[in-house]
Amino acid sequence: MTGRETRVPSETANATFVEFDRVQKSYDGISLVVKDLNLTVAKGEFLTMLGPSGSGKTTCLMMLAGFETATNGEIRLDGRPINLVPPHKRGIGMVFQNYALFPHMTVAENLAFPLEVRGMGKSEREAKITRALDMVQMGAFAARRPAQLSGGQQQRIALARALVFDPALVLMDEPLGALDKQLREHMQFEIKHLHESLGITVVYVTHDQGEALTMSDRVAVFNDGVVQQLAPPDELYERPVNSFVAQFIGENNKLHGRIEEIEDGRALVRLDTGELIDATPVNVSAKGQRTLVSIRPERVEFKPEMMPDGAHTIEAEVLEFIYMGDLYRTRLRVAGSDDFVIKSRNTLTQRRLQPGERIRIGWAPQDARALDA
Amino acid sequence: MAEAVAGSGGGLRTADGRPLGEALAQAQGRARRRALLLVAPLLLFVLFSFVVPIGQLLISAFSDDDFARNAPALGAWFDENPRGSPIDESAYAALAADLKAAKENRTAGQMGERINYEVSGARSLFTSTARNADKFEPPYREAILAARAEWDNPRLWESMRQASSSVTPNFFLAAVDLRRSETGGIERAPEEVRVYQMLFMRTFALSALITVLCLLLGYPIAHLLATLPLRYSNLLMIFVLLPFWTSLLVRTTSWIVLLQSEGVLNNILVGFGIIGDDGRIRMIYNQTGTIVAMTHILLPFMVLPLYSVMRPIPPSYVRAARSLGASSWTAFRRIYVPQTMPGVAAGGLLVFILAVGYYITPALVGGATGQLISNLIAFHFENSNWSMAAALASLLLLAVLILYWLYDRLIGIDNLKLG
């Protein structure tokens, strides 16, 4: 958490760079794809728009880039309204999902394009191209055509092209979606390092929550045209504000019940099958209200000595044990549900649960979050 | 694979010891033979309906034995007496013998027809002289010249010398407005019969113009088709293809109805008072008619290849260019157009080659100034001058092949995308 905050240079930390002000978007005049979006991105921030497909995140990015017009509201870039500014005058770099490298040009020509249309001289152009290619370690590929490059290499070139004309803001539309897992993780770190070293502002769109958590300063979780939660990754993961965010970010165990008791930040929930569990109320307030309790698989304990004092425990039956290398993943039957999962680290002393075994599980109250049902 | 085959001398072998190349050939041979069997009907069809007729066409452009077959004596005389020998009594004797045979076999017309291509009036000369051929007595020279004085024409004799050999380049010479001089050299044809060069030029110029017009009209349509949602573009595509499915004759005549002097367009212009009733514009039975009707008919051949190239171009290319700072015109010119070049090239080549060989439309709406080379080919076919028609057609084929070769050199044939 502290590492993240120091990354944003302090003098610009709170300077608003991009601002969505009451932005709405409709394609058909009947329904809204983006409903009343209010969002600010600080200078130098890495903000990720995360959400399932059709949640409006890409539409927001396209409105920022200038390829879609906002139906209502105002988008401001560095304090200036840009609703009526055509895309080529916004000076925003963009990395596309399919890279969109011009197939009839070499890598160097692709990079030269944004500089040429700005009327830059040849020597200055070449210096900038060399610098941008070196930045993504692709200096040796200047004469190649995009079709002669691998997916990862094309990705780097697309990145270099979006950065070569020194834009202050770079948009990325699921840029790593087409890469395999290992390369994707590698590129995540490279993009993050480029962001840090260049001090640019990045708005990144993805549906991959792992990617969002790894790279971002803040994540805006979209669903149904509305930002559900806008928070740094750790807060998003550990303290989701509603059941959509809890289920969308990371793996989650869900238990349905009713609030039995609620006082100073602690709640006792009676599950539908009768058991009592501890939880922290998030967006529930009244006794008797229906709730969905969400618990992360890695925060569930089954060894009594590890549980906090006075924790309520609940009986579970081991259904399946899966060895995943660094983790053990155990599926349990808990309170009538068959898909309760716990994850435990593969350490020397870790116990492998056997299917059929009956155990009692529990957790610290702050790890179980009572959300709206 | 290349390595394995190359190494078959002592190189790689299969697990049971056979040379790898041999094993591969054996494994693939069966599949290849079966595939050949499948395409065999098509191969035979192409052979008999395309390769053989084209071959015959090329041969007949060089050869015509209508005269040689019927004039054995003259043929023998021409063989013995080289060009420049005086046309003496022995020559007229051979002529008399051949004319006599021609009268018996009723082939004088056929002989004369062949010579008539080069020396007008030769047909009637042959038939009228042959009518009295059995009455000629030596000396033949005097007898024949007494019958028709025109026989004393060196051009006629040169022409017969040419015709007595069944293989001749004369038709090709004629097709580019050249001819044999009296002494056997090559000279330009008299000005009043020079039509072919002009017609070739006109054919290529009009075809180029029609190709450009098709491109200008077709490019926006194809772009619209490629960018519209599929359900609208399918509907629009039907409108593009509708003329394609209508009879060519119907479409051409509908242009006549629209464009003729008393036609719809002129009536509208007169009705609005834009032109006077006596100033009706002549838009058909001339080059304008040919250009308008052919552009309309050939438009789908431009739209379809363009569409098939434009459809898979994702909008993100132009968007990327825009985000990189290019205005919409720059993005179009530098990013979109280059990517559609294979379609432009394919459509252009297709329309141009079709236009160069077009016959029915210019024949119907071209009038005198809108005729193309194909109309003259058809004219020669109708008049049974097969060799002349074949020579013109061969030249046309040659021109198209040269064009194709140029295209391959300049743009590359692998850049062509027809669909």
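Here A:Ala65 meets each of (1) of a type in the set (Gly, Ala, Ser); (2) closer than 17 Å to A:Tyr204 by Cα; (3) more than 7 Å from chain B (Cβ to nearest Cβ) with one exception, condition (3). When B:Ile373, B:Ile411 are checked against the criterion of being under 17 Å from B:Ser207 (Cβ atoms) and hydrophobic (A, V, I, L, M, F, W, C), B:Ile373 stands alone in meeting it. With respect to the stated conditions, B:Gly271 fails to be more than 20 Å from B:Ile221 (Cβ to Cβ), at pLDDT below 85, loosely packed, with under 11 Cβ neighbours inside 10 Å and in the same structural domain as B:Gly366 (by TED's automatic domain parsing).
Please tell me if B:Pro138 is touching a residue at least 12 places away in the same chain (Cβ under 8 Å) and not assigned by TED's automatic domain parsing to the domain that holds B:Leu398. Can you show your working first?
Numbers: touching a residue at least 12 places away in the same chain (Cβ under 8 Å): yes; not assigned by TED's automatic domain parsing to the domain that holds B:Leu398: yes.
Criteria met by B:Pro138.
Looking only at the range A:53-69, decide whether some residue is surrounded by 22 or more Cβ atoms within 10 Å (Cβ to Cβ), touching a Leu at 6+ places or on another chain (Cβ under 8 Å), at pLDDT 90 or above and of a type in the set (D, E, K, R). Yes, the range A:53-69 contains at least one residue that is surrounded by 22 or more Cβ atoms within 10 Å (Cβ to Cβ), touching a Leu at 6+ places or on another chain (Cβ under 8 Å), at pLDDT 90 or above and of a type in the set (D, E, K, R). With respect to the stated conditions, B:Leu376 is away from chain A (no Cβ under 14 Å), under 23 Å from B:Leu403 (Cα atoms) and hydrophobic (A, V, I, L, M, F, W, C). Just one of (1) surrounded by fewer than 18 Cβ atoms within 10 Å (Cβ to Cβ); (2) within 11 Å of chain B (Cβ to nearest Cβ) fails for A:His88. It is (1). When residues in the range A:23-77 are screened for being touching a Ser or Thr at 6+ places or on another chain (Cβ under 6 Å) and free of Cβ contacts under 8 Å to residues at least 40 places away in the same chain, 1 of them pass. Could you grab the pairs with beta carbons closer than 7 Å, sequence gap of 6+ or different chains, first residue in the range A:281-300 and closer than 16 Å to A:Phe244 by Cα, second one β-branched (Val, Ile, Thr) and outside any loop (DSSP other than H, G, I, E, B)? Filtered contacts from the range A:281-300: A:Pro281/A:Ile262; A:Val284/A:Ile259; A:Val284/A:Thr291; A:Thr291/A:Ile259; A:Thr291/A:Val269; A:Val293/A:Val269; A:Val293/A:Ile277. Consider the range B:312-329. How many of its residues are closer than 17 Å to B:Thr227 by Cα, part of a loop (DSSP other than H, G, I, E, B) and facing chain A (nearest Cβ under 8 Å)? Final tally of qualifying residues: 1. Flag: B:Gly347 matches the condition of being touching a Gly at 6+ places or on another chain (Cβ under 7 Å) and either assigned by TED's automatic domain parsing to the domain that holds B:Leu396 or among the polar types (S, T, N, Q) (or both). In the set (1) more than 12 Å from chain B (Cβ to nearest Cβ); (2) touching a residue at least 12 places away in the same chain (Cβ under 8 Å); (3) charged (D, E, K, R), A:Arg80 fails one condition alone, (2).
Scanning the range A:132-141 turns up at least one residue that is assigned to a loop (DSSP other than H, G, I, E, B), crowded, with 19+ Cβ neighbours inside 10 Å and either touching a Cys at 6+ places or on another chain (Cβ under 7 Å) or away from every other protein chain (no Cβ under 12 Å) (or both).
Taking A:Ala112 as the residue in question, decide whether it is more than 8 Å from chain B (Cβ to nearest Cβ) and surrounded by 18 or more Cβ atoms within 10 Å (Cβ to Cβ).
Numbers: more than 8 Å from chain B (Cβ to nearest Cβ): yes; surrounded by 18 or more Cβ atoms within 10 Å (Cβ to Cβ): yes.
Taking the combined requirement at face value, the residue satisfies it.
Is it the case that B:Phe352 is part of a helix (DSSP H, G or I), among the aromatic types (Phe, Trp, Tyr) and away from chain A (no Cβ under 14 Å)? Full working, then the answer.
Working: part of a helix (DSSP H, G or I): yes; among the aromatic types (Phe, Trp, Tyr): yes; away from chain A (no Cβ under 14 Å): yes.
So B:Phe352 passes the test.
Only residues that are within 17 Å of A:Val341 (Cβ to Cβ) and not aromatic (Phe, Trp, Tyr) were counted in the range A:272-302, giving 11.
If you go through the range B:184-204 and keep only what is part of a loop (DSSP other than H, G, I, E, B) and surrounded by 17 or more Cβ atoms within 10 Å (Cβ to Cβ), you end up with just B:Ala189.
Has the range A:145-161 got at least one residue that is without any contact (Cβ under 8 Å) to a residue 12 or more places away in the chain, away from chain B (no Cβ under 14 Å) and closer than 24 Å to A:Ile191 by Cα? For the range A:145-161, residues without any contact (Cβ under 8 Å) to a residue 12 or more places away in the chain, away from chain B (no Cβ under 14 Å) and closer than 24 Å to A:Ile191 by Cα: present.
On the basis of being exposed (fewer than 15 other Cβ atoms within 10 Å of the Cβ), assigned by TED's automatic domain parsing to the domain that holds B:Gly366 and more than 27 Å from the chain's Cα centre (by Cα), does B:Leu241 make the cut? Against the criterion (exposed (fewer than 15 other Cβ atoms within 10 Å of the Cβ), assigned by TED's automatic domain parsing to the domain that holds B:Gly366 and more than 27 Å from the chain's Cα centre (by Cα)), B:Leu241 does not qualify.
I need the helices (runs of 4 or more DSSP H) fully contained in the range B:87-160, keeping only those with at least 3 residues that are surrounded by 21 or more Cβ atoms within 10 Å (Cβ to Cβ).
B:89-105, B:108-116, B:122-131
Answer yes or no: is there a residue in the range B:313-329 that is within 29 Å of the chain's Cα centre (by Cα) and surrounded by 15 or more Cβ atoms within 10 Å (Cβ to Cβ). Reasoning before the result, please.
Going residue by residue through the range B:313-329, those that are within 29 Å of the chain's Cα centre (by Cα) are none.
No, the range B:313-329 contains no residue that is within 29 Å of the chain's Cα centre (by Cα) and surrounded by 15 or more Cβ atoms within 10 Å (Cβ to Cβ).
Out of the residues in the range B:288-311 that are of a type in the set (Ser, Thr, Tyr) and surrounded by 21 or more Cβ atoms within 10 Å (Cβ to Cβ), state the one that is farthest from the other protein chains (Cβ to nearest Cβ).
At the first step, the residues of the range B:288-311 found to be of a type in the set (Ser, Thr, Tyr) are B:288, B:290, B:295, B:307-308.
Cutting the leftovers down to surrounded by 21 or more Cβ atoms within 10 Å (Cβ to Cβ) gives us B:290, B:295, B:307.
On the way: B:Thr290: 36, B:Thr295: 29, B:Tyr307: 19 Å.
Only one residue fits best here, namely B:Thr290.
Residues that are crowded, with 17+ Cβ neighbours inside 10 Å, within 7 Å of chain A (Cβ to nearest Cβ) and farther than 19 Å from B:Ser233 by Cβ within the range B:331-342 comprise just one, B:Ile335.
The values are calculated or read from the model by the stated rules, or taken from the named source; none is laboratory data. Nothing here was measured: the structure is a model prediction, and the numbers come from that model. Glycine also receives a Cβ, built like all others from the backbone with ideal geometry; neighbour counts cover every protein chain displayed.
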